[in-house]
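Quick notes on the structure that follows.
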Amino acid sequence: MKAARAVITAASQGLSSCHTCGRVAAAAGHPCPRCGTPMHVRKPNSFERTVALIIAAVALYFPANLLPIMTVEGIGGAQRNTIVGGVFAFWETGSYPVAIIIFTASVIIPIVKIISLIILCVAVRRPTRNPRALTVLYRLTEIVGRWSMVDVFVVAILVTLVQLGRLMTIEPGPAALAFAGVVILTMLAAMSFDPRLIWDAHTRQSPGHPPHQP
Amino acid sequence: MSPTLAPPPAAKQSPPSAEVRPARRISSTWIIPLVAIALGLWLVWQHYSDLGPQANIRFETAEGIEAGRTKIRCRSVDVGVVENVTLSADLQHVNVGIRLGDENEMLLNEDTRFWVVRPRVGGGAISGLGTIISGAYIELDPGRSERQTRSFTGLEDPPATPTGVPGVRIHLTADQGGSLGPGSIVRYRGLEVGRIETRRFDEKSQWLVYDVFIKSPFENLVTSGSRFWNDSGIAFRAGSGGFNFRAGSLDSILTGGVSFDVPRNGTAGEPIVDGASFRLYDNEDSINDVVLQTSLTYLLMFDASVRGLADDAEVEFRGIRIGSVIGVSLGYANQAGEKRIPVLIEIDPTRLTPGENQDPSQAAARIEKLVREDGLRATLRTGSLLTGQLFVELDFQPEAPRASVGTLGEYRTLPTTSSSFARIEDQLVRVLTKIRELPIEKTLETATDALGEIKKTAETTTQTVEGLKAPIANLDAILASDDMKQAPAELRNALTEARTTLAGIGPDSAAYADLSLTLQDLQSTLQSIKSLSDSIDNKPNSLLFGREGSGKDPTPRAPRLLPRR
């Protein structure tokens with residue numbers, strides 16, 4: 001905290017970096033002198049966009065988990081599996097590692113991402129005492145986000161590979177689309193979230209260091 | 001304010017006038033969650049709108065049925081899937097929840113039938129082999145009813161005939177189950193025309209009822225005069241006609257079968273309607289036996305043993321079957337002191353009185369008349385000495401004592417006479433009795449006396465013969481005398497003289513010639529007398545008036561009766 005207090009931020013100097021080329025230039029509202037991109041001190045509407053994307057992700061999360069993600073048509077008849085149903089099927093057949101991987105990637109990670117983004121959104125709106133932990137949470141969210149596409153990849157690969165005619169055919173279910181939507185939306189939400197808001201919130205809380213006032 | 005690190009010169013000199021725009025209250029970003037919500041809702045809506053109607057089927061067992069896997073098929077087209085399988089509340093059934101595709105709602109009507117297709121062996125065929133690999137599925141046989149329902153009771157066995165196949169359904173009733181069952185073939189002269197669909201037991205009537213489906217176009221073969229018989233297995237019958245062995249075709253031996261035909265002495269009758277009921281006879285013989293157009297039951301009371309008289313034994317009239325024995329039971333005549341054996345028979349009165357007025361209401365009266373006036377009597381007869389089977393014969397016995405139709409309890413009785421065997425026995429006994437009653441001892445005594453008399457007579461005869469000896473000796477002496485020896489010579493002399501005498505009157509003698517001439521004269525005289533008598537006969541008045549045209553020869557006349565020319 002003490003170190004933070006000593007730091008003179010770019011924003012406090014009326015400077016900002018270009019989103020595209022990274023050039024530091026004065027004042028928001030002007031195009032970047034180098035590449036012409038409009039410049040902002042913070043990502044514009046970051047909070048609002050993140051919240052909107054999270055809501056969209058949550059909206060798609062329910063069909064993604066309730067509807068069958070793939071339909072296996074074989075000799076024994078057609079079988080429609082939801083994500084959780086597939087995890088249970090793998091678990092019952094003894095494929096514990098696969099079950100754990102799918103459960104983690106397809107169920108836990110999207111939930112964790114959504115929850116952590118909600119935590120971050122809530123945190124930037126009120127004074128925070130632990131900006132560093134929040135930043136770590138944000139980084140983790142961003143890193144781990146792409147792995148939740150595993151299930152979508154599994155479905156995509158299976159659908160293309162397993163086309164054995166009457167013996168066995170796998171077709172994507174409606175949940176695949178919704179689930180891909182959830183993953184992409186959470187990734188976009190994580191991207192649109194500006195972690196500097198965490199620190200803005202932190203400095204706003206400290207009386208000696210009023211936040212950036214343009 | 002914080003010092004700027006590199007203030008832009010323009011800002012320093014003259015701050016640019018900020019273009020002030022009112023902040024948009026709602027960011028366009030919010031379109032994304034709206035689209036996402038719409039998309040999510042659409043996905044959910046589409047998923048559930050694809051789901052068709054749900055229904056519940058009750059089965060005895062859920063063998064081979066898996067929730068989420070087992071399909072519902074209609075003519076091999078997938079129309080739905082089993083959603084859940086649960087036990088019923090009373091644990092007696094299984095409730096199978098199914099969901100059909102949304103376009104298949106019309107399949108769920110009241111007539112729709114469901115059954116589980118599993119591998120099956122029986123009914124002469126192996127079916128459902130495909131389900132060994134693919135697993136069982138539920139077959140849906142759509143009905144035609146307009147009324148929708150969502151609750152069904154599944155069939156445990158597949159119906160032999162799907163709905164919609166043209167044909168007629170009839171019922172066969174039988175008192176014995178035998179080897180017939182669902183899937184058994186119904187044949188007409190060896191041609192398969194239908195199958196037995198179900199077999200059930202009617203508790204009320206205690207009959208087995210078979211539901212039979214006759215395929216189109218064979219339904220016209222079944223008429224009201226048709227008789228059905230159990231064609232299955234091997235029939236061995238020892239009746240009063242001897243032994244009878246009959247076997248159907250190999251598959252009917254294995255799986256059972258029913259045949260039908262119009263009996264030899266029957267008529268085809270009217271075409272039948274759906275749901276007609278027929279009696280199922282035990283074998284082919286019985287359909288020809290028991291075709292009684294009208295029947296009357298009579299009770300026969302027999303003195304003799306009825307051992308060998310089976311139920312359904314023949315009742316014959318001079319060798320022609322006119323009915324059958326319904327039963328032999330002491331219970332028919334529930335009377336104290338009754339020692340005769342009651343036999344209940346059923347006869348067709350029209351066979352006894354062919355050609356007459358066949359009004360059924362008058363049948364009993366006609367029989368009564370036959371009994372009273374013509375001596376109709378019932379007799380037990382032995383049909384086969386080998387098997388000892390008896391049958392009842394009705395015949396006219398005019399010499400029998402007069403009798404009439406009586407009543408005993410609720411039955412009419414026909415008078416009976418004892419059987420031929422019994423009659424022979426009777427006569428034998430009578431003969432023996434007579435023999436026993438003969439006065440043999442007395443006869444023997446008399447005979448002994450007679451023999452004594454004969455002996456005495458014989459002795460007297462001997463004495464008489466002794467007495468005759470002396471006269472015979474005298475006779476011998478007479479014959480031996482010389483006079484007797486000379487007698488032949490004298491006889492010869494007498495004959496010689498006689499010949500000489502006869503030579504005098506022989507043909508060469510003069511006397512003979514005279515005699516011959518005299519006789520010739522006599523003959524001519526007689527001829528003239530004859531001509532005289534003829535003329536007198538022709539003309540009697542010639543005696544008085546002389547002969548007409550005297551001097552002429554008399555002319556012959558034609559007989560008077562002929563017309564003159």
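The values are calculated or read from the model by the stated rules, or taken from the named source; none is laboratory data. This one's a predicted model, so the numbers in the text were calculated from it and none came from an experiment. Quick reminder, even Gly has a Cβ in these numbers, built from the backbone with ideal geometry, and neighbours come from all protein chains shown.
Conditions (1) buried (at least 17 other Cβ atoms within 10 Å of the Cβ); (2) on the phi < 0 side of the Ramachandran plot; (3) of a type outside the set (Val, Ile, Thr), marked per residue:
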position: B:Arg73; (1), (2), (3): no, yes, yes
position: B:Ile126; (1), (2), (3): no, yes, no
position: B:Leu140; (1), (2), (3): yes, yes, yes
position: B:Arg147; (1), (2), (3): no, yes, yes
Picking from B:Arg381, B:Arg402, B:Arg377, the residue that is at pLDDT 85 or above and either assigned to a strand (DSSP E or B) or over 21 Å from B:Arg351 (Cα atoms) (or both) would be B:Arg377
Sole miss for B:Asn220 among (1) in contact (Cβ under 8 Å) with a residue 40 or more places away in the chain; (2) within 14 Å of chain A (Cβ to nearest Cβ) is condition (2)
Checklist entry - Looking at this structure, is B:Thr446 in a helix (DSSP H, G or I) and surrounded by 10 or more Cβ atoms within 10 Å (Cβ to Cβ)? => result yes
Within the range B:95-133, residues within 51 Å of the chain's Cα centre (by Cα) and part of a helix (DSSP H, G or I) come out as B:Leu107, B:Thr131, B:Ile132
Q | Residue in the range B:86-94 that is closer than 20 Å to B:Gln148 by Cβ and modelled with pLDDT of 85 or more present | A | no
Reported set for the range A:85-97 where residues are among the aliphatic types (A, V, I, L, M) and either more than 14 Å from A:Val155 (Cα to Cα) or facing chain B (nearest Cβ under 10 Å) (or both) is A:Ala89
Exactly one of B:Ile132, B:Ile98 is surrounded by fewer than 16 Cβ atoms within 10 Å (Cβ to Cβ) and within 14 Å of chain A (Cβ to nearest Cβ), and that one is B:Ile132
Subset of the range A:125-146, residues under 17 Å from the mean Cα position of the chain (by Cα) and surrounded by 13 or more Cβ atoms within 10 Å (Cβ to Cβ), comes to A:Leu134, A:Thr135, A:Leu137, A:Tyr138, A:Leu140, A:Thr141, A:Glu142, A:Val144, A:Gly145
For the range B:288-301 the number of residues that are of a type in the set (Phe, Trp, Tyr) and at pLDDT below 85 is 0
Exercise for review: Go through the residues of the range B:172-193 one by one and say whether even a single one is in contact with a helix residue (DSSP H, G or I) (Cβ under 7 Å, 6 or more places away or on another chain), without any contact (Cβ under 8 Å) to a residue 40 or more places away in the chain and buried (at least 20 other Cβ atoms within 10 Å of the Cβ).
Suggested key: yes
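Rundown of residues vs (1) of a type in the set (S, T, N, Q); (2) more than 9 Å from chain B (Cβ to nearest Cβ); (3) assigned to a helix (DSSP H, G or I), yes/no style:
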site: A:His40; (1), (2), (3): no, yes, no
site: A:Lys43; (1), (2), (3): no, yes, no
site: A:Ala57; (1), (2), (3): no, no, yes
site: A:Tyr61; (1), (2), (3): no, no, yes
site: A:Val112; (1), (2), (3): no, yes, yes
site: A:Ile115; (1), (2), (3): no, yes, yes
site: A:Leu134; (1), (2), (3): no, yes, yes
From the option list B:Arg381, B:Arg372, single residue qualifying as farther than 25 Å from B:Ala336 by Cα and over 26 Å from the mean Cα position of the chain (by Cα) is B:Arg372
Exercise for review: Determine whether the range A:69-84 contains at least one residue that is more than 13 Å from chain B (Cβ to nearest Cβ), under 25 Å from A:Ala178 (Cβ atoms) and in contact with a Pro (Cβ under 8 Å, 6 or more places away or on another chain).
Suggested key: yes
When A:Ile109 is run through (1) out of contact with any helix residue (DSSP H, G or I) (no Cβ under 7 Å at 6 or more places or on another chain); (2) more than 30 Å from B:Gly64 (Cβ to Cβ), the failure sits at (1)
Any residue at all in the range B:407-425 that is touching a strand residue (DSSP E or B) at 6+ places or on another chain (Cβ under 9 Å), of a type outside the set (Phe, Trp, Tyr), part of a helix (DSSP H, G or I) and without any contact (Cβ under 8 Å) to a residue 60 or more places away in the chain?
yes
Scanning the range B:146-189 for residues that are among the hydroxyl-bearing types (Ser, Thr, Tyr) and within 33 Å of the chain's Cα centre (by Cα) gives B:Thr161, B:Thr173, B:Ser179, B:Ser184, B:Tyr188
Checking B:Gly40, B:Gly80, B:Gly52 in turn, the sole residue that is closer than 30 Å to A:Ala189 by Cα and surrounded by 15 or more Cβ atoms within 10 Å (Cβ to Cβ) turns out to be B:Gly40
Picked from the range B:373-404 (must be of a type in the set (A, V, I, L, M, F, W, C) and without any contact (Cβ under 8 Å) to a residue 40 or more places away in the chain), the residue farthest from B:Pro342 (Cα to Cα) is B:Leu385
If I filter the range B:406-429 for residues that are of a type in the set (Val, Ile, Thr) and touching a Ser or Thr at 6+ places or on another chain (Cβ under 6 Å), do I get at least one hit? yes
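Here is a yes/no grid of residues against (1) among the aromatic types (Phe, Trp, Tyr); (2) modelled with pLDDT of 80 or more; (3) under 18 Å from A:Asn81 (Cβ atoms); (4) assigned by TED's automatic domain parsing to the domain that holds A:Pro68:
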| site | (1), (2), (3), (4) |
| --- | --- |
| A:Phe103 | yes, yes, yes, yes |
| A:Lys113 | no, yes, no, yes |
| A:Ala123 | no, yes, no, yes |
| A:Val136 | no, yes, no, yes |
| A:Leu177 | no, yes, yes, yes |
| A:Leu185 | no, yes, no, yes |
Scanning the range B:136-150 residue by residue, those part of a loop (DSSP other than H, G, I, E, B) and under 16 Å from B:Arg99 (Cβ atoms) turn out to be B:Thr149, B:Arg150
